[in-house]
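The values are calculated or read from the model by the stated rules, or taken from the named source; none is laboratory data. Predicted, not measured: the structure shown is a model, and the values here were computed from it. No Cβ is skipped: glycine too gets one built from the backbone with ideal geometry, and neighbour counts run over all protein chains shown.
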Amino acid sequence: MLGYSRMVVQNLTECQGNDALHLISEAEYGAHYIIIYPSLHSLRELYSNYVMKKIEENNEIVIVNPFYETTDSVRQALSEKNNHRVDAISKYEKEESLMIADSLEEYLGDQPLLYIKKGLANYSKMGKNGLSVLADLGAYSHKSRYKDLVDYESSLPTKYHVSMKGFCVYHQKDFDQFSDEQQQKLIDSHGKALKIIEAL
């Protein structure tokens, strides 16, 4: 298409993976961020450095909802990043400090948001400080439900009023499928918008 150019999306912060990790690690309860990632490797680096620290150092429940990898590969990535502590990961899953559930199931399955509802209902009973959710919303793109996703994100507050941090992660190729107006709406529906760029 000759002469076609995309609108420049406003309020999107480009950063390296380590900077994104720092920003989400410092996020306070109530945070609702959108994170656009360029590759599965960059996403794994982000969550594998985040999850165990939040469980062990911040006494949080953490939910990971992968889409472009299996729940077992998330477990494996966490294990590899954390000195092959498979027992600790199993223990955290048994006690529900760590919940790993497929994004397609969690968001578009028979019982939507089951794990998030469970985490919110249980964190204080379990003596936890709160809940962190890292959710890959690629399931919506996979099902070509772009408008539904924009409507869903737009229905959420830019800052939650519960002890939860929500990190909505989008693969760059999925994000690029949205119109300029939809991209801006998605960004405006979050308190902070980060785009991870890979170092050359």
Original post:
Looking at the range 180-200, which of the residues that are under 21 Å from SER144 (Cα atoms) and touching a Lys or Arg at 6+ places or on another chain (Cβ under 9 Å) is surrounded by the most Cβ atoms within 10 Å (Cβ to Cβ)?
Top reply: GLN183
**OP:** Counting only residues that are free of Cβ contacts under 8 Å to residues at least 40 places away in the same chain, touching a strand residue (DSSP E or B) at 6+ places or on another chain (Cβ under 8 Å) and over 26 Å from LEU12 (Cα atoms), give me the strands (runs of 3 or more DSSP E) lying completely in the range 24-142 with at least 2 of them.
**Re:** 98-100
Original post:
What number of residues within the range 154-200 are among the basic types (Lys, Arg) and in a helix (DSSP H, G or I)?
Top reply: 2
**OP:** Say whether the condition of being in contact with a Ser or Thr (Cβ under 7 Å, 6 or more places away or on another chain) and either closer than 20 Å to GLU28 by Cα or surrounded by fewer than 15 Cβ atoms within 10 Å (Cβ to Cβ) (or both) is met by at least one residue in the range 99-120.
**Re:** no
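Taking the condition of being under 20 Å from LEU40 (Cα atoms) and acidic (Asp, Glu), how many residues in the range 14-29 meet it?
The first filter runs over the range 14-29 and keeps only residues under 20 Å from LEU40 (Cα atoms), leaving 14-25.
Filter once more, so that each one left must be acidic (Asp, Glu): 14, 19.
Residues flagged as under 20 Å from LEU40 (Cα atoms) and acidic (Asp, Glu) within the range 14-29 amount to 2.
Does GLU96 satisfy being at pLDDT 95 or above, touching a helix residue (DSSP H, G or I) at 6+ places or on another chain (Cβ under 9 Å) and either among the aliphatic types (A, V, I, L, M) or at negative phi (or both)? Even if it seems obvious, please write down each step before you answer.
Values: at pLDDT 95 or above: yes; touching a helix residue (DSSP H, G or I) at 6+ places or on another chain (Cβ under 9 Å): yes; either among the aliphatic types (A, V, I, L, M) or at negative phi (or both): no.
Answer is no for this residue.
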